[in-house]
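Single-structure report; data block below.
The values are calculated or read from the model by the stated rules, or taken from the named source; none is laboratory data. Here the structure is a predicted model, which is why all the values come from computation and not from measurement. So basically every Cβ, Gly included, is an ideal-geometry build from the backbone, and we count neighbours across all protein chains shown. Calculation scope for accessible area: heavy atoms of the full protein, side chains included, ligands and nucleic acids excluded. Shrake-Rupley method; radii C 1.70, N 1.55, O 1.52, S 1.80 Å.
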Amino acid sequence: MPSKIAARLRPVNFVFLTLFVFTSADQIAAQSKDVLDGAKREGQLVFYSGMPVPDAQAVLSALEKKHPFIKTTFYRATGPALVSRIQTEQRAGSHIWDVMNSTGFEPYVLLDQGYFAKHESGERKAFPEGHKDNEGFWATMYTTPMIVSYNTKLVSPGELPKDYADLSNPKWKGRLGLDASDFEWYANLRKIWGVDKAQKFLEGLRKQEVRLVQGRALLTELLSGGEIAVLVNNFLQNSIEAKRKGSPVEMLALDPVISAAGLVGINKSAPHPNAAKLFVDFVLSKEGQELIVKTDRSSVRKDVAGNPLDLIKNVRIVPSDLSLGKNYVQIRDEFRDLLGVK
(Lines give C-alpha, C1' and ligand atoms only; values in the text may rest on other atoms or scores of the structure.)
Protein backbone atom coordinates (compact mmCIF):
# COMPACT_ATOMS: atom_id res chain seq x y z
CA MET A 1 0.00 0.00 0.00
CA PRO A 2 2.69 2.59 0.86
CA SER A 3 4.30 1.98 -2.52
CA LYS A 4 0.98 2.69 -4.29
CA ILE A 5 0.56 5.93 -2.35
CA ALA A 6 4.11 6.95 -3.20
CA ALA A 7 3.46 6.16 -6.84
CA ARG A 8 0.40 8.42 -6.84
CA LEU A 9 2.31 11.21 -5.10
CA ARG A 10 5.31 11.23 -7.44
CA PRO A 11 3.48 12.81 -10.42
CA VAL A 12 2.02 15.41 -8.07
CA ASN A 13 5.48 16.27 -6.77
CA PHE A 14 6.80 16.49 -10.32
CA VAL A 15 3.97 18.85 -11.31
CA PHE A 16 4.62 20.97 -8.23
CA LEU A 17 8.35 21.18 -8.99
CA THR A 18 7.64 22.08 -12.62
CA LEU A 19 5.24 24.83 -11.57
CA PHE A 20 7.79 26.12 -9.07
CA VAL A 21 10.56 26.28 -11.68
CA PHE A 22 8.39 28.08 -14.22
CA THR A 23 7.03 30.45 -11.58
CA SER A 24 10.57 31.30 -10.41
CA ALA A 25 11.71 31.86 -14.01
CA ASP A 26 8.71 34.10 -14.65
CA GLN A 27 9.46 36.10 -11.50
CA ILE A 28 13.09 36.57 -12.50
CA ALA A 29 12.06 37.68 -15.99
CA ALA A 30 9.54 40.13 -14.53
CA GLN A 31 12.14 41.52 -12.12
CA SER A 32 14.65 41.92 -14.96
CA LYS A 33 12.07 43.78 -17.05
CA ASP A 34 11.25 46.06 -14.11
CA VAL A 35 14.94 46.88 -13.65
CA LEU A 36 15.40 47.52 -17.37
CA ASP A 37 12.32 49.75 -17.56
CA GLY A 38 13.40 51.60 -14.42
CA ALA A 39 16.90 52.18 -15.78
CA LYS A 40 15.42 53.59 -18.99
CA ARG A 41 13.44 56.11 -16.96
CA GLU A 42 16.49 57.04 -14.87
CA GLY A 43 18.83 57.38 -17.85
CA GLN A 44 21.95 57.99 -15.75
CA LEU A 45 24.58 56.27 -13.64
CA VAL A 46 27.18 57.82 -11.32
CA PHE A 47 30.19 55.62 -10.59
CA TYR A 48 32.76 56.33 -7.84
CA SER A 49 36.01 54.35 -7.99
CA GLY A 50 39.76 54.46 -7.54
CA MET A 51 40.34 52.88 -10.97
CA PRO A 52 42.45 54.94 -13.39
CA VAL A 53 40.25 56.96 -15.73
CA PRO A 54 41.07 54.99 -18.93
CA ASP A 55 40.27 51.65 -17.26
CA ALA A 56 37.01 52.86 -15.75
CA GLN A 57 36.01 54.55 -18.98
CA ALA A 58 36.49 51.31 -20.93
CA VAL A 59 33.97 49.57 -18.68
CA LEU A 60 31.50 52.47 -18.66
CA SER A 61 31.67 52.90 -22.43
CA ALA A 62 30.87 49.21 -22.86
CA LEU A 63 27.89 49.63 -20.54
CA GLU A 64 26.64 52.62 -22.56
CA LYS A 65 27.01 50.62 -25.76
CA LYS A 66 25.02 47.74 -24.28
CA HIS A 67 22.41 50.06 -22.78
CA PRO A 68 22.41 53.28 -24.90
CA PHE A 69 19.74 54.88 -22.71
CA ILE A 70 22.25 55.18 -19.81
CA LYS A 71 24.69 58.09 -19.67
CA THR A 72 27.49 57.56 -17.17
CA THR A 73 29.44 59.92 -14.93
CA PHE A 74 32.73 58.90 -13.32
CA TYR A 75 34.42 60.37 -10.25
CA ARG A 76 37.85 59.08 -9.28
CA ALA A 77 39.30 59.05 -5.78
CA THR A 78 41.23 56.39 -3.91
CA GLY A 79 41.07 54.87 -0.45
CA PRO A 80 40.36 57.24 2.44
CA ALA A 81 39.64 60.18 0.11
CA LEU A 82 36.82 58.26 -1.58
CA VAL A 83 35.32 57.10 1.70
CA SER A 84 35.57 60.62 3.12
CA ARG A 85 33.72 62.10 0.14
CA ILE A 86 30.92 59.54 0.42
CA GLN A 87 30.55 60.14 4.15
CA THR A 88 30.56 63.93 3.69
CA GLU A 89 27.84 63.71 1.04
CA GLN A 90 25.76 61.47 3.28
CA ARG A 91 25.98 63.88 6.22
CA ALA A 92 24.93 66.72 3.94
CA GLY A 93 21.94 64.71 2.71
CA SER A 94 23.36 64.76 -0.81
CA HIS A 95 22.82 61.49 -2.66
CA ILE A 96 24.98 61.53 -5.79
CA TRP A 97 26.71 58.20 -6.34
CA ASP A 98 25.00 55.02 -7.46
CA VAL A 99 27.83 52.47 -7.41
CA MET A 100 31.24 52.51 -5.77
CA ASN A 101 34.32 50.36 -6.19
CA SER A 102 37.48 50.30 -4.11
CA THR A 103 40.13 47.99 -2.69
CA GLY A 104 41.55 47.78 0.80
CA PHE A 105 39.85 48.07 4.17
CA GLU A 106 38.28 51.45 3.40
CA PRO A 107 35.09 50.03 1.80
CA TYR A 108 34.55 47.95 4.95
CA VAL A 109 33.88 51.18 6.82
CA LEU A 110 31.01 51.97 4.45
CA LEU A 111 29.74 48.41 4.62
CA ASP A 112 29.84 48.43 8.40
CA GLN A 113 28.00 51.76 8.53
CA GLY A 114 25.20 50.51 6.30
CA TYR A 115 25.85 52.47 3.11
CA PHE A 116 25.22 49.60 0.69
CA ALA A 117 21.98 48.20 -0.72
CA LYS A 118 21.37 44.50 -1.28
CA HIS A 119 21.36 43.28 -4.85
CA GLU A 120 21.32 39.55 -5.44
CA SER A 121 22.75 39.66 -8.95
CA GLY A 122 22.41 36.40 -10.86
CA GLU A 123 26.10 36.75 -11.78
CA ARG A 124 27.15 36.28 -8.15
CA LYS A 125 26.83 32.51 -8.52
CA ALA A 126 30.03 32.55 -10.60
CA PHE A 127 31.99 34.05 -7.70
CA PRO A 128 33.42 31.67 -5.07
CA GLU A 129 33.21 32.07 -1.33
CA GLY A 130 35.40 34.85 0.00
CA HIS A 131 34.79 36.98 -3.08
CA LYS A 132 31.24 37.98 -2.12
CA ASP A 133 29.23 38.30 1.05
CA ASN A 134 26.28 36.08 1.96
CA GLU A 135 23.75 38.90 2.14
CA GLY A 136 24.13 40.39 -1.35
CA PHE A 137 25.74 43.72 -0.42
CA TRP A 138 28.96 43.28 -2.40
CA ALA A 139 30.96 41.08 -4.75
CA THR A 140 34.48 41.25 -6.14
CA MET A 141 34.61 43.40 -9.26
CA TYR A 142 38.27 42.39 -9.48
CA THR A 143 40.72 40.74 -7.15
CA THR A 144 44.24 42.02 -6.54
CA PRO A 145 46.82 39.32 -5.71
CA MET A 146 49.75 40.53 -3.62
CA ILE A 147 53.05 38.95 -4.67
CA VAL A 148 56.80 39.49 -4.38
CA SER A 149 58.48 41.36 -7.24
CA TYR A 150 62.21 41.42 -7.93
CA ASN A 151 64.72 43.02 -10.28
CA THR A 152 66.12 40.33 -12.56
CA LYS A 153 69.40 42.23 -12.98
CA LEU A 154 70.00 42.25 -9.24
CA VAL A 155 68.58 38.87 -8.20
CA SER A 156 69.44 35.57 -9.88
CA PRO A 157 66.98 32.65 -9.94
CA GLY A 158 69.16 30.72 -7.51
CA GLU A 159 68.96 33.52 -4.93
CA LEU A 160 65.17 33.70 -4.82
CA PRO A 161 63.54 33.18 -1.41
CA LYS A 162 61.57 29.95 -1.00
CA ASP A 163 59.25 31.51 1.55
CA TYR A 164 58.76 34.76 3.46
CA ALA A 165 61.11 33.61 6.24
CA ASP A 166 63.98 33.54 3.73
CA LEU A 167 63.78 37.33 3.52
CA SER A 168 65.48 37.43 6.94
CA ASN A 169 68.68 36.13 5.33
CA PRO A 170 71.48 38.71 5.83
CA LYS A 171 72.05 38.88 2.06
CA TRP A 172 68.84 40.91 1.72
CA LYS A 173 69.83 43.60 4.19
CA GLY A 174 69.33 47.03 2.63
CA ARG A 175 67.91 45.53 -0.57
CA LEU A 176 64.21 45.23 0.29
CA GLY A 177 61.28 47.59 -0.20
CA LEU A 178 57.75 47.67 1.26
CA ASP A 179 54.72 49.93 1.12
CA ALA A 180 54.47 51.91 4.35
CA SER A 181 50.68 51.34 4.40
CA ASP A 182 50.50 47.58 3.81
CA PHE A 183 48.02 47.15 6.65
CA GLU A 184 45.57 44.85 4.85
CA TRP A 185 48.32 42.45 3.79
CA TYR A 186 49.74 42.35 7.32
CA ALA A 187 46.31 41.86 8.91
CA ASN A 188 45.65 38.81 6.76
CA LEU A 189 49.11 37.30 7.41
CA ARG A 190 48.44 37.89 11.10
CA LYS A 191 45.18 35.94 10.84
CA ILE A 192 46.74 33.06 8.86
CA TRP A 193 50.07 32.75 10.68
CA GLY A 194 49.08 33.89 14.13
CA VAL A 195 50.10 37.09 15.90
CA ASP A 196 53.56 35.99 17.08
CA LYS A 197 54.80 34.77 13.70
CA ALA A 198 53.45 37.82 11.86
CA GLN A 199 55.00 40.24 14.34
CA LYS A 200 58.38 38.48 14.20
CA PHE A 201 58.26 38.66 10.41
CA LEU A 202 57.84 42.46 10.45
CA GLU A 203 60.50 42.80 13.13
CA GLY A 204 62.81 40.82 10.85
CA LEU A 205 62.09 43.18 7.95
CA ARG A 206 62.94 46.13 10.17
CA LYS A 207 66.30 44.54 11.04
CA GLN A 208 66.88 44.14 7.30
CA GLU A 209 66.51 47.91 6.98
CA VAL A 210 63.60 47.51 4.60
CA ARG A 211 62.96 50.70 2.62
CA LEU A 212 59.47 52.00 3.42
CA VAL A 213 57.80 54.09 0.74
CA GLN A 214 54.19 55.17 0.30
CA GLY A 215 52.62 53.59 -2.78
CA ARG A 216 53.34 50.41 -4.71
CA ALA A 217 53.43 52.24 -8.05
CA LEU A 218 56.38 54.31 -6.86
CA LEU A 219 58.03 51.26 -5.33
CA THR A 220 57.67 49.42 -8.64
CA GLU A 221 59.50 52.31 -10.34
CA LEU A 222 62.26 52.10 -7.73
CA LEU A 223 62.48 48.36 -8.31
CA SER A 224 62.65 48.83 -12.08
CA GLY A 225 65.43 51.39 -11.65
CA GLY A 226 67.48 49.09 -9.41
CA GLU A 227 67.15 51.17 -6.24
CA ILE A 228 65.79 48.10 -4.46
CA ALA A 229 66.30 44.46 -5.41
CA VAL A 230 63.10 42.97 -3.99
CA LEU A 231 59.68 44.48 -3.37
CA VAL A 232 58.31 42.35 -0.55
CA ASN A 233 54.66 42.97 -1.39
CA ASN A 234 53.41 44.22 -4.74
CA PHE A 235 50.24 44.02 -6.78
CA LEU A 236 50.36 41.42 -9.53
CA GLN A 237 49.12 43.95 -12.07
CA ASN A 238 52.04 46.30 -11.28
CA SER A 239 54.53 43.56 -12.12
CA ILE A 240 52.72 42.74 -15.35
CA GLU A 241 52.65 46.39 -16.43
CA ALA A 242 56.33 46.88 -15.58
CA LYS A 243 57.32 43.82 -17.63
CA ARG A 244 55.24 45.04 -20.56
CA LYS A 245 57.20 48.30 -20.50
CA GLY A 246 60.44 46.35 -20.71
CA SER A 247 61.52 46.77 -17.10
CA PRO A 248 63.70 44.03 -15.58
CA VAL A 249 60.92 42.99 -13.21
CA GLU A 250 59.67 39.50 -12.47
CA MET A 251 57.06 38.16 -10.05
CA LEU A 252 57.36 35.54 -7.34
CA ALA A 253 54.29 34.07 -5.61
CA LEU A 254 55.08 32.96 -2.06
CA ASP A 255 52.61 31.08 0.12
CA PRO A 256 50.19 32.52 1.00
CA VAL A 257 49.21 35.03 -1.68
CA ILE A 258 46.75 37.48 -0.12
CA SER A 259 44.30 38.73 -2.73
CA ALA A 260 42.57 42.03 -2.00
CA ALA A 261 38.93 42.46 -2.96
CA GLY A 262 38.13 45.27 -5.37
CA LEU A 263 34.55 45.19 -4.21
CA VAL A 264 31.59 46.77 -5.98
CA GLY A 265 28.47 47.88 -4.12
CA ILE A 266 25.30 49.88 -4.69
CA ASN A 267 24.35 52.97 -2.68
CA LYS A 268 21.28 52.27 -0.53
CA SER A 269 20.21 55.85 -1.38
CA ALA A 270 21.18 55.62 -5.04
CA PRO A 271 19.42 58.22 -7.21
CA HIS A 272 19.48 55.72 -10.08
CA PRO A 273 19.03 52.32 -8.38
CA ASN A 274 17.95 50.37 -11.46
CA ALA A 275 20.83 51.65 -13.58
CA ALA A 276 23.08 50.68 -10.66
CA LYS A 277 21.76 47.11 -10.75
CA LEU A 278 22.33 46.91 -14.51
CA PHE A 279 25.91 48.11 -14.04
CA VAL A 280 26.67 45.57 -11.30
CA ASP A 281 25.11 42.75 -13.35
CA PHE A 282 27.19 43.80 -16.34
CA VAL A 283 30.53 44.23 -14.59
CA LEU A 284 30.18 40.86 -12.82
CA SER A 285 29.17 39.06 -16.03
CA LYS A 286 31.62 37.17 -18.21
CA GLU A 287 31.50 40.05 -20.70
CA GLY A 288 32.27 42.61 -18.03
CA GLN A 289 35.03 40.53 -16.45
CA GLU A 290 36.69 40.09 -19.85
CA LEU A 291 37.03 43.88 -19.92
CA ILE A 292 38.45 43.87 -16.40
CA VAL A 293 41.26 41.42 -17.23
CA LYS A 294 42.26 43.59 -20.18
CA THR A 295 43.31 46.21 -17.61
CA ASP A 296 45.70 43.63 -16.04
CA ARG A 297 43.34 43.14 -13.11
CA SER A 298 42.37 39.63 -12.07
CA SER A 299 38.96 37.98 -12.14
CA VAL A 300 37.81 35.11 -9.93
CA ARG A 301 35.41 33.84 -12.59
CA LYS A 302 36.58 30.51 -14.06
CA ASP A 303 35.17 31.22 -17.52
CA VAL A 304 37.29 34.30 -18.32
CA ALA A 305 40.23 33.85 -20.68
CA GLY A 306 43.49 35.79 -20.42
CA ASN A 307 43.12 36.11 -16.66
CA PRO A 308 46.32 37.35 -14.90
CA LEU A 309 45.37 35.17 -11.96
CA ASP A 310 46.29 32.14 -14.07
CA LEU A 311 49.95 33.19 -13.82
CA ILE A 312 50.05 32.20 -10.15
CA LYS A 313 47.47 29.40 -10.03
CA ASN A 314 49.93 26.88 -8.52
CA VAL A 315 50.12 28.66 -5.17
CA ARG A 316 47.60 29.09 -2.36
CA ILE A 317 45.58 32.26 -2.92
CA VAL A 318 43.65 33.55 0.07
CA PRO A 319 40.97 36.22 -0.40
CA SER A 320 41.44 39.13 1.98
CA ASP A 321 39.09 39.01 4.95
CA LEU A 322 37.38 42.41 4.86
CA SER A 323 36.00 41.94 8.37
CA LEU A 324 39.55 42.47 9.64
CA GLY A 325 38.91 46.10 8.80
CA LYS A 326 37.00 46.49 12.04
CA ASN A 327 40.40 46.41 13.80
CA TYR A 328 41.95 48.83 11.31
CA VAL A 329 43.40 51.28 13.84
CA GLN A 330 44.97 48.54 15.95
CA ILE A 331 46.47 46.83 12.89
CA ARG A 332 47.76 50.12 11.46
CA ASP A 333 49.45 51.15 14.71
CA GLU A 334 50.95 47.69 15.26
CA PHE A 335 52.30 47.60 11.70
CA ARG A 336 53.89 51.02 12.10
CA ASP A 337 55.38 50.25 15.51
CA LEU A 338 56.94 46.97 14.37
CA LEU A 339 58.54 48.63 11.31
CA GLY A 340 59.44 51.88 13.03
CA VAL A 341 57.19 54.00 10.80
CA LYS A 342 56.94 57.51 12.20
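Tabulated data for the structure shown
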| read-out | value |
| --- | --- |
| Rg in Å to one decimal, and Dmax rounded to a whole Å, for the stretch 114-252 via C-alpha atoms | 17.5, 52 |
| Rg and Dmax of the chain, Cα atoms only, in Å | 23.3, 85 |
| Other-chain or far-sequence residues with amide H under 5 Å of A180's (modelled H) | V213, Q214, G215 |
| Helix-only [θ]222 nm of the chain, DSSP H runs n ≥ 4, -39500 (n - 2.57) each, per residue, nearest 500 | -14000 deg cm²/dmol |
| Signed unit charges on C-beta, dipole axis of the stretch 189-271, positive-most listed residue P248, L189, L231 | L189 |
| Signed unit charges on C-beta, dipole axis of the chain, positive-most listed residue W138, F105, P170 | W138 |
| Among Y186, Y164, Y115, residue whose mean-square fluctuation peaks in a GNM of the chain (springs only between Cα atoms under 10 Å) | Y164 |
| Ratio Rg/Rh [Cα only; Rh per Kirkwood] for the stretch 209-335 | 1.01 |
| Accessible surface, per residue, of the stretch 198-271 when the full set of protein chains is kept, probe 1.4 Å, Å² | 39 |
| Contour minus Cα-Cα distance for T78 and K302 (0.36 nm per residue) | 77.8 nm |
| Using a Förster distance of 45 Å, the FRET efficiency for K342-E64 (Cβ separation, nearest 0.05) | 0.45 |
| Percent carbon-and-sulfur accessible area, the chain, ignoring ligands, DNA and RNA, probe 1.4 Å | 54 |
| Estimated Rh, the stretch 72-174: Kirkwood, alpha-carbon pairs, angstrom | 17.5 |
| Note, ³J(HN,Hα) from phi for the stretch 91-107, Karplus 6.51, -1.76, 1.60, rounded to Hz, x at Gly and Pro | 5, 7, x, 9, 9, 10, 7, 9, 9, 10, 9, 6, 10, x, 7, 4, x |
| Relative contact order for the chain, counting Cα pairs under 8 Å that sit 6 or more residues apart, in percent | 26 |
| Rounded to the nearest 20 debye, dipole of the stretch 60-124 from Cβ charges on Lys, Arg, Asp, Glu | 200 |
| The stretch 241-285 - Rg (one decimal) and Dmax (whole number), Cα, Å | 17.9, 47 |
| Volume of the Cα convex hull of the stretch 155-212, divided per residue and given in Å³ | 83 |
| Of K162/K294; K33/K268; K33/K71; K65/K302, those spanning more than 27 Å from alpha-carbon to alpha-carbon | K162/K294 |
| P(r), alpha carbons of the stretch 63-102 - 10 Å bins starting at zero, rounded % | 25, 45, 25, 5 |
| Binned Cα-Cα distance frequencies in the stretch 254-315 - 5 Å width, integer % | 3, 16, 22, 20, 15, 12, 6, 3, 1 |
| Placed amide H near V249: partners under 5 Å, 5+ positions off or other chain | T152 |
